[in-house]
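Throughout, read-outs are computed from the coordinates displayed, never taken from laboratory work. These numbers were taken from a predicted model, which means no experiment stands behind them. FYI the Cβ positions are ideal-geometry reconstructions off the backbone, even for glycines, and counts take in every protein chain you see.
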There are 4 protein chains.
Amino acid sequence: MKEDDYFKNLTDRERAIFEGGISMGALFHQFVGTPVNADTIESLEIAIRDSILLQPAIVDVAVKIRRDLVEENSGVMGYTSLTGDMLSVKITTKINEKIINTCISYDEELDYPIMYIEY
Amino acid sequence: MKEDDYFKNLTDRERAIFEGGISMGALFHQFVGTPVNADTIESLEIAIRDSILLQPAIVDVAVKIRRDLVEENSGVMGYTSLTGDMLSVKITTKINEKIINTCISYDEELDYPIMYIEY
Amino acid sequence: MKEDDYFKNLTDRERAIFEGGISMGALFHQFVGTPVNADTIESLEIAIRDSILLQPAIVDVAVKIRRDLVEENSGVMGYTSLTGDMLSVKITTKINEKIINTCISYDEELDYPIMYIEY
Amino acid sequence: MKEDDYFKNLTDRERAIFEGGISMGALFHQFVGTPVNADTIESLEIAIRDSILLQPAIVDVAVKIRRDLVEENSGVMGYTSLTGDMLSVKITTKINEKIINTCISYDEELDYPIMYIEY
């Protein structure tokens, strides 16, 4: 079956939302656990962006790993493991004219890194 | 911020699609690479289902790991690594009255494990 | 090349140590990030044990996920992500007559989940 | 407990072998599944090297992702998922004067990406 035939039951907006969700779930569960410290934040951000940009419908990926949390958690061993709380990411998906920004950021009240669609 | 406040810009259907996408992307990238053979398919299917059922809006998860591919790839070492091609999964999300089934299955023509919303 | 031919440069003890290290690194980085709460600890422990038992030279795997930390971190969302601090694992490897126990447990002084060979 | 106190039961050579095993298992299970195509091989290689270099006792990491296999598997979707077969890696560990090279490469006869200590 052709790729587009799978999505005839979705509006352009719905598919852009779906692909944003897939790629945000993928990003989180692929990279959480990766060893990281302040010196390696940048190469990890670049690799995350480059890999997620390959996925269907993705037109932009902005990845920020929170330096404050990485430094705070890099103790006597000199590094830590990437956690969801450290992720501040915006993934832009586009289907025809519809553009959607899918985000993850840590919410203090929920104590949870929440994924949502930007207003 | 309360969880529901993040989703005021989505219809119930859109949010059910979004949460289905997130959890399917999560499932794929969390578990691909896990050592598996015919004897361990069942415990891995159960752990995948149990973990994904915890995520927001998920009401059912049906996981089938393709036994034919697992056996075919378990060579002289007696096991293989889980790949996306082996996954046949349906995740059911529910927001108020809206129910969405998000699926992954391998498409031979695309040679790709495609994620889509069931018709 | 046959599998054993790769290891002619190692004593039985050295190879048992090597395989224990590989499998502990594998376990950590495969499963960290998995959604978990008190109800799903058991199925996740079983799947981790079953999958790691498949790897070369492994004869036993004892997995304990720390219930106190899982409960402490399962906030308003009702679950958390598995972290290295929650892991208490012993992997037993055997090469001919040599048996080695490789462990991971959280060390408070180091604030780090350390992997080591049991005395 | 101090880090070194955990390893008093190992010779320098044994500990270098142990840390090489841990980091090779970590690398495999952290990064297998990552979306990749010919254009993103380099940034992924750099991020893998930088992250594994942070782990205990690692002094060098040489990562080659096999371009032939990446291209062969990047079909109509334009990318593929990283698999163990694509990895050709050498991790160098050093404990005092003892230096060990831990390798992974695909063995055709075994049809398996084998991890071993270089002669």
Just the residues that are in a strand (DSSP E or B), farther than 11 Å from B:Gly20 by Cβ and under 15 Å from the mean Cα position of the chain (by Cα), please, taken from the stretch B:73-113.
B:Leu87, B:Ser88, B:Ser105, B:Tyr106, B:Tyr112, B:Pro113
Kindly indicate which of D:Val36, D:Val70, D:Val32 is within 28 Å of C:Leu54 (Cβ to Cβ), within 14 Å of the chain's Cα centre (by Cα) and not hydroxyl-bearing (Ser, Thr, Tyr).
D:Val32
Which of the residues that make up the stretch C:71-119 are acidic (Asp, Glu), within 30 Å of B:Lys2 (Cβ to Cβ) and surrounded by 16 or more Cβ atoms within 10 Å (Cβ to Cβ)?
C:Asp85
Number of positions in the stretch A:20-60 that are among the small types (Gly, Ala, Ser), surrounded by 24 or more Cβ atoms within 10 Å (Cβ to Cβ) and outside any helix (DSSP H, G or I)
1
Give A:Leu53, A:Leu69, A:Leu27, A:Leu82 a once-over and let me know the one that is touching a residue at least 12 places away in the same chain (Cβ under 8 Å), more than 14 Å from chain B (Cβ to nearest Cβ) and not small (Gly, Ala, Ser).
A:Leu69
Within the stretch D:30-50, track down each residue that is more than 7 Å from every other protein chain (Cβ to nearest Cβ) and of a type outside the set (A, V, I, L, M, F, W, C).
D:Asp39, D:Glu42, D:Glu45, D:Arg49
Just checking, which of D:Met115, D:Met77 is more than 27 Å from A:Ile41 (Cα to Cα), without any contact (Cβ under 8 Å) to a residue 24 or more places away in the chain and not small (Gly, Ala, Ser)?
D:Met77
